[in-house]
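Only one structure is covered here, and it is reproduced in the block below.
Values quoted throughout were computed directly from the atomic coordinates according to the rules given, and no laboratory measurement underlies them. Since the structure is predicted, the reported quantities are computational estimates derived from the model, not experimental observations. Please note: Cβ atoms are built from the backbone with ideal geometry, for glycine as well, and neighbour counts cover all protein chains shown.
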Amino acid sequence: MFVYGANGAGKSSFVDGVEVCVSNGKVAHLAHEYSGRHQEKALINTHRPFGRPASVSVTMIGSGDAVTCTWEGTSAAKLSGLNKVPLNTWDYRRTALRQEEVAEFIRSTKAEKYSALLPLLGLQPLETAADNLRRIAKETATLSKIDDKRRQMTAVQVRTRAAFGEAEPNALIETLRKLRERYLPDQPMTGTMATVAAVTTAIDERLNTLDAQSREAAALQEIASNQLQELILATREVVAEIARFAEPLVKERLDILNAAARYSADIGGELEEVSCPACGSMIKPADFQAHVAAERDRLQNIDGLFRRRATAVGEVCDEVQRLRTLITGSGLAKWRIAHSESLAEQFAYLNGLNFPTLRTSCQEADLGQIETELGKVIAAATAASVTASPDVQALIKDKEAAETIDAVFAAEKTRERVERVEALIAYTNKLEELVRDEIREQAERVFGSISADIQGLWDILHPRQQITNVRLHVPGEADKAIDVALKFYGVDQESPRLTLSEGQRNALGLCIFLAMAKQGDANSPIILDDVVVSMDRGHRSKVATLLEKEFSDRQIILLTHDREWFFELSRFLRKPHWTSVRLLPWDGPAMGIRIADQSEDFAKARANVLTDPEDAESNVRRIMDQALAEIAERLEVPVPFLRGDENDHRTGGQLIGRISGRAKKSFFIRTGDQHAAGGEYAKHTTADASLDMVTPQLAAWANRATHTFSASPDEAKAVIDNCEAALSAFQCDSCGSPVWFCTIANSGNLECRCGKLQWRS
């Protein structure tokens, strides 16, 4: 079926009606912020009577079973009938193609093509598995807090180097043994972690037994022995290193380098130098691959630098947080009071620090402020700590050593957990890689058959054009990507956007859709909504040939606003396999969508006879232009040769004389018993008389009404009646089929379904 309607007549509403039944009550292109929660503002007639339901039905030819989608108020759509007609099993992307979707696929990115095509290839379960594996790896990293654990391990390493230098684990155990002998001489070594805990507890007990002055001195000593300056310096070094290497759009440059690596394999020796697509350097072909590899490694190292920066910032925050706990502790209450005026701003700054924010957004300005404000407090604490007795200083030093040793051995357990998590993540990533390899391999296999169909369909639309090897392919550099490649006059092209015009790209999009539709359910229709708007007349005319040749076994619904192409389809697409429908212009939501047929056209013209006879005759003349062109083509009535577009723009007035003359020799009607087999035939004199009557009326009255706007009601009525009679003569009043319904075997003659009408060659 092919349907004509002017813009706004409601053609796409039929496609929407199918989509809501296929896609469970939703239409993808109507999903936006103004369409309502259930798209009720976009799908339902704006003039629906209050309280009345709205519905759309898709009825199957033959069984009469239907799927109905109903809206009640503003609630979600409810579908019924899916148990008999499972429309929801149809794949909408293989069923309907809209005007905007033709070019959108070619214009879309490789990732968008991947998302669109993967379900159609039957590979969505594998893609779901790959995505789940990727999410599992990411969730494993998140739940295990592996980045935090790595940061903690790095911080312990820094702390250990500061306290013990590059000491080996055995040296740390020896230090722990000495601490045990000093603080727990009567207790044997019961295990590393237990001994560390016992030594730390013993040191804390001795600190707690000190008098208030000694506890204050101990706290000041702990503040004085801080590592803040070293940590800030390490952070600045990492930031400076990032500044030397990092540039905007690092990821995009990595993508370019991946492409350059493939390109480098194809560089011939005839070029003296080539430009690196990432850094712009001129490189000799022989050195190009090595340069690309080095550049990629350099850029990928930036990711490690950013992780190092996060670790360094975390260490600074941990140290600041430790110092704030000491400074604000009860042991330094008197000291804070003594410095309440000189360090008031610094104490306020410490109390106002937001550590979660500082960890994620720490910049040089923050480091400078920490260094300045906290430095003043540390300097005051350091100056006061010199009064601490040697015993107190030794206690603080031993406590720091014990805590460092404890952190080292705790970090060893953390390292083991990190290694297990890293192994799990690596295993999950490997599984994802294997699944994506399977997707790629299966997609390539499916593309083999689909690409052959695409090329075949393309050759019908563009014969003799040197655009070959049109195919879908999976680009090697990306996991989730599909693109269209072709050979343009012998030159391989990785994308049709490089060389094809807009009309050619749209034709290619149509070919891809139809190729995918051929792979789908043969019982589902194919709906094409205004898909040829960017094609020129020559290529547009081949769409009918393509549909007749490749999809003769499928139900096709073709909608267009192009009146000329509609008339062309009327001539090329043969009845009864094809039917045509015209939509009347939109006349408001209260009237809705209206379908016109020939009898309604004559009735409409007849209704205007008294009020507007010129318009009535003009409408009839338009009807005859279309109908007589189809009659002349179906009955192979010879007409004079005309050059170019004039051949397809013949009017009814030019054709009716030829049809009338041929009918006098060729048009016959069965006489006697119309239901008996065989029977006698006589010239169809009624048809001859009708055609003879209409011929001068079209030439004189209808032309004059159209061009000079001069007509009378009597003339208009006569033209309408006689034109309707002339056209009805070619339609059998017994079986309802046209005289060209079928060809009589071994004769070349035509007849209607029941044989009452005959056209003899």
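What the Cβ-Cβ distance of residue 744 and residue 604 gives, at R0 = 41 Å and to the nearest 0.05, is a FRET efficiency of 0.65.
The HN-Hα couplings worked out from phi for the stretch 310-317 by the Karplus form 6.51 cos²θ - 1.76 cosθ + 1.60 (θ = phi - 60°) are 4, 5, 4, 4, x, 5, 4, 5 Hz, whole numbers, x standing for Gly and Pro. Taking the average, over residues, of other Cβ atoms within 10 Å as the packing measure, peptides 141-147, 681-687, 336-342, 735-741 rank 735-741, 681-687, 141-147, 336-342 from highest down. Note on residue 491 and residue 704: their simple-model spin labels are 6.4 nm apart, each label 7 Å out from Cα toward Cβ. Restricting the chymotrypsin sites (Phe, Trp or Tyr not before Pro) of the stretch 339-414 to loop positions (DSSP other than H, G, I, E, B) with no more than 15 neighbouring Cβ atoms within 10 Å leaves nothing.
Between 0 and 90 degrees, the angle of helix 11-22 with respect to the longest Cα principal axis of the chain falls at about 60 degrees. Return the percentage of antiparallel bridges among DSSP beta bridges fully within the chain, rounded to the nearest 5 %. The antiparallel proportion sits near 70 percent.
A DSSP coil position with no more than 14 other Cβ atoms inside 10 Å describes the following GluC sites (Glu not before Pro) in the stretch 477-557: 477, 494. For residue 91, the amide hydrogen comes within under 5 Å of the amide hydrogens of 521, counting only partners 5 or more places away or on other chains and with H modelled in the peptide plane.
Here the simple spin-label model places points 7 Å from the Cα toward Cβ, and for residue 563 and residue 340 these points are separated by 9.4 nm.
Using the Cα gyration tensor of the stretch 325-438, with a ≥ b ≥ c the square roots of its eigenvalues, what is the shape: rounded (a/c below 1.5), prolate (a/b larger than b/c) or oblate (neither)? Here the stretch 325-438 falls in the oblate category. Applying both filters, DSSP loop and at most 16 other Cβ atoms within 10 Å, to the trypsin sites (Lys or Arg not before Pro) of the stretch 419-477 gives 464. If you take all other residues with their beta carbon under 14 Å from the beta carbon of residue 350, and give Lys and Arg +1 and Asp and Glu -1, the sum is -1.
For the pair the stretch 477-528 and the stretch 617-635, the centres of their Cα atoms are 38 angstrom apart. Helix 598-607 and the longest principal axis of the C-alpha atoms of the chain enclose an angle of approximately 70°. What the phi angles of the stretch 218-233 give under the Karplus curve with 6.51, -1.76 and 1.60, with θ = phi - 60°, is a coupling list of 5, 5, 5, 5, 4, 5, 5, 8, 6, 10, 4, 4, 5, 5, 5, 4 Hz, glycine and proline written as x. Once the Cα atoms are used to define both axes, helix 537-550 deviates from the longest principal axis of the chain by about 90 degrees. Think of it as helices only: each DSSP H run of n ≥ 4 in the chain is worth -39500 (n - 2.57), and spread over all residues that comes to -19000 deg cm²/dmol at 222 nm. Proximity of backbone amide H atoms, modeled 1.01 Å from N, is registered between residue 557 and 526, 527, 528 at under 5 Å, excluding neighbours fewer than 5 places apart on the same chain. Each residue of the stretch 522-528 was assigned a 3J(HN,Hα) from its phi angle through the Karplus expression (A = 6.51, B = -1.76, C = 1.60, θ = phi - 60°), giving 5, 8, 8, x, 10, 10, 10 Hz with x at Gly and Pro.
Between amide H atoms placed 1.01 Å from N, distances below 5 Å from residue 531 occur with no residue 5 or more places distant or on a separate chain. Cα convex hull, the chain: 296 Å³ per residue, rounded to a whole number.
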